[in-house]
Ligand SMILES: C[S@@+](CC[C@H](N)C(=O)[O-])C[C@H]1O[C@@H](n2cnc3c(N)ncnc32)[C@H](O)[C@@H]1O
């Protein structure tokens, strides 16, 4: 993820700038190059391009969702499965914003060491919560100071695809129980068929080899059942709006995606 965001940052007219991404990628041994592909493996090359493109589009989509949430008055942000998300450092936040980064200890420790090395300074109050999302993360979040009585904007970016369906349902129920009216949520969902298409040929240990869950047939209806008024866009729709279409070949149907923004009424 960091490598892709670093590459985007170096482009002319990037969809976002993530100045820390390069340091994260380098610290992980992923900069400048990614692992080589056999030169004749066109399908693998296109798969990799599609995944990189999807990361760029969804990053921009969620940046905008967060800006809109801030503009609506929300001052509490929770990044679930935060990983190397550097939004606390790279986005403008209104005064009084508290941003919680929830992930397990290993990635948060790795991140902390890079942040120290880069002397990075957060642009809001940043609170890390080291907990496994299969455990009592609501308890850990509450102990860290999250206030369920005021609205929160929740982000689960590149996370749900790694969780089995029952875990996704539990996560949504737990988020809902801590979302005051006016709360917002941004989710990325694996589109139908993506696990089969990308996961089955993925190299063992690679991210795609761990993909297990896809979005339901009707994500808007599914989220309504969880108490959210949701809007669902495809990556292609957002990419077209950002001037970054991926192409219109039949294979491009069913690329990873499913970008959800939702409001709690
Ligand atoms: C693909 S990364 C996405 C990171 C970040 N949201 C971003 O977009 O840059 C998935 C993240 O989810 C975290 N994650 C996966 N399963 C988790 C779990 N059970 N508990 C906590 N974090 C988890 C991983 O550690 C990883 O940082």
If R0 = 41 Å, then residue 143 and residue 37, at their Cβ-Cβ distance, give a FRET efficiency to the nearest 0.05 of 0.35
Dividing the mean separation of Cα pairs under 8 Å (6+ apart) by the residue count of segment 43-264 yields a relative contact order in percent of 21
Only helices counted: for the chain, with every DSSP H run of 4 or more residues adding -39500 (n - 2.57) and the sum spread over all residues, [θ] at 222 nm is -11000 deg cm²/dmol
For the residue 207, residue 92 Cβ pair and Förster radius 30 Å, calculated FRET efficiency rounded to 0.05 is 0.50
Using alpha-carbon coordinates alone, the radius of gyration and Dmax of segment 43-264 in Å work out to 17.1, 49
Once both label points are put 7 Å beyond Cα along the C-beta direction, the residue 229-residue 116 separation in nm becomes 4.7
In the chain the DSSP beta bridges are antiparallel at a rate, in percent to nearest 5, of 35
Given 147-159, 106-118, 54-66, the highest-first ranking by average Cβ count within 10 Å works out to 54-66, 147-159, 106-118
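Every number here is computed from the coordinates shown, using simple stated rules; none is lab data. Nothing here was measured: the structure is a model prediction, and the numbers come from that model. Cβ coordinates were reconstructed from backbone atoms using ideal geometry, including for glycine residues, and neighbour counts include every protein chain displayed.
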